[in-house]
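Here the structure comes first, spelled out in structure tokens, and everything after it is commentary.
The values are calculated or read from the model by the stated rules, or taken from the named source; none is laboratory data. What you see is a predicted model; the values in this text were computed from it and never measured. Don't worry about glycine lacking a Cβ; one is built from the backbone with ideal geometry, like all the others, and counts go over all protein chains shown.
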Amino acid sequence: MSPAQAAERRASHQRVFTNAALVGVLSTAAKLAGAAKVMVTARYIGAGDQLDAFVIAFLLPAFFTEIVAGSFSASFIPAFIRVRSDQGEAAARMFARTGLALVVGAMLAVGVLLAMGGPWLLPLLGSSFSAEKLRITTDLFLALILWLPLSGCIASWRAVLNAHNAFALAAAAPLTTPLATIVFLYAGANRWNVFTLCWGTLAGVAAETLILGWGVHRLGIPILPAWRGWTPEMSAIRGQYLPLLAGTMFAALCPLIDQAVAGSLGSGSVSALAYGTKLSSVLAAISATAIAMAVLPEFSRLAAQHDWSHLRHTVRVHSAVIVGLALPAVGAIIWLSGPIVRTFYQGGAFDASAARVVTTVQQFALLQVPFAILFVAAGRLAVAISESAVMIRASLLTVGATVVGDLILSRTMGIAGIPLADALAHAIAIASLVYFLYRREPRLFVSRTNR
């Protein structure tokens, strides 16, 4: 390797790590606000039937927000940049409005379908709920459906901001939802009880939408949707988006399966799982968001140049860094799980018995964090080389492993068996995805001369 090539590789790694650090810091702030919201929720709502109802009502809107709107950004950003480069700013502005129309229209359609299917879906998710508990769940669910079209705007406008390297605003805007929920809990928990969480969530999402819309407007891009039909550029997005959507949909079934199994274990089980998996979800989300945002442009650039040697080196370096940082951090947090749960949750309606159960759940849930981060990085590699279809097969294996693991381990270990099953499923997911990528593009792992 020449000195120039070595310098380019060092610059590439530094660029990725700098971008990841920026997104990571801002995402951490948002997640810390989310953790504060959970603490305040524990004080005012506790771990019982009221929170069980909200968790189940929240599942489906969050699920479709993640898979339908959340999958849009990864396929939209590369296409938007190509349009802006090849056709100019005017075409890029129109392309952004077309993309907005697509994702908002999809979320509106999903909202209508969920409103119609709620009476059949909610009893399945809360199979042990009483009639009154199910009624509260349904009321919360119908209100939270208002979140869906707003999430389409958020996904589209966040992608546009990231394409313009406006990472700070896009990463900081999610602060609004936990902060608004905390304000609502302090102001109205005694009056509205669990519905306070619903109104706080909707107010925060609305504020995030306004902030991102303001940011996009400042870039000179209209914030009103305009559908131009299936242009070649939109068709290119569809080619990447649909496999990503399907893969994300199957992967996102795992939390639904977990909550459904927990719902069959008795009162308080859903809440214990929600509290116990919160920390692992936060850690995985912060790290995965930072890695995903930083590595996708770099992976895409190297794949477009067919620089397989540099791409192999980049993948190995970032994988080693992920494992080297994640394993000791996770080990330390597992060791400290008891004090963490008692410090942040115990008190008020959250008693010592609940703290012991949540501690065990949290320790097992943390095992999945390194695997989850690696899976996201490998998924972005698949997108970069236009092989996002492999995500479908890897995700299907993950769902199957989750179902089998949840059913077996929850019966032998109780609620703690569910997060342990998730950790095993995530290990299977990353192993299968790496295998499928190797089969489709061996040059990602070995040079032709070494084969």
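Things to note:
- Here the condition is being surrounded by fewer than 21 Cβ atoms within 10 Å (Cβ to Cβ) and either over 20 Å from W120 (Cβ atoms) or touching a residue at least 12 places away in the same chain (Cβ under 8 Å) (or both); of S85, S75, it holds for S85 alone.
- Just one of the numbered conditions (1) hydroxyl-bearing (S, T, Y); (2) more than 24 Å from the chain's Cα centre (by Cα); (3) part of a helix (DSSP H, G or I) is not true of T181: (2).
- Given (1) free of Cβ contacts under 8 Å to residues at least 12 places away in the same chain; (2) more than 29 Å from A101 (Cβ to Cβ), number of the condition W230 does not satisfy: (2)
- Whichever residue in the range 406-424 is in contact (Cβ under 8 Å) with a residue 40 or more places away in the chain and β-branched (V, I, T) and, among such residues, is surrounded by the fewest Cβ atoms within 10 Å (Cβ to Cβ): I415
- Residue under evaluation I221, criteria (1) farther than 30 Å from R135 by Cα; (2) touching a residue at least 40 places away in the same chain (Cβ under 8 Å); (3) within 25 Å of the chain's Cα centre (by Cα), criterion not met: (3)
- Taken across the range 406-414, residues that are at pLDDT below 90, hydrophobic (A, V, I, L, M, F, W, C), under 15 Å from P255 (Cβ atoms) and assigned to a helix (DSSP H, G or I) do not occur at all.
- A226 vs. criteria of a type in the set (G, A, S) and part of a helix (DSSP H, G or I): no
- Selection within the range 36-63 - among the small types (G, A, S) and either touching a Pro at 6+ places or on another chain (Cβ under 7 Å) or not in a helix (DSSP H, G or I) (or both): A36, G46, A47, G48
- Filter result for I322 (out of contact with any Pro (no Cβ under 8 Å at 6 or more places or on another chain), surrounded by 17 or more Cβ atoms within 10 Å (Cβ to Cβ) and either of a type outside the set (S, T, Y) or outside any helix (DSSP H, G or I) (or both)): no
- The range 335-352, residues that are within 12 Å of V40 (Cβ to Cβ), among the hydrophobic types (A, V, I, L, M, F, W, C) and either modelled with pLDDT of 80 or more or within 27 Å of the chain's Cα centre (by Cα) (or both): F344
- Filter result for A170 (buried (at least 21 other Cβ atoms within 10 Å of the Cβ) and among the aliphatic types (A, V, I, L, M)): yes
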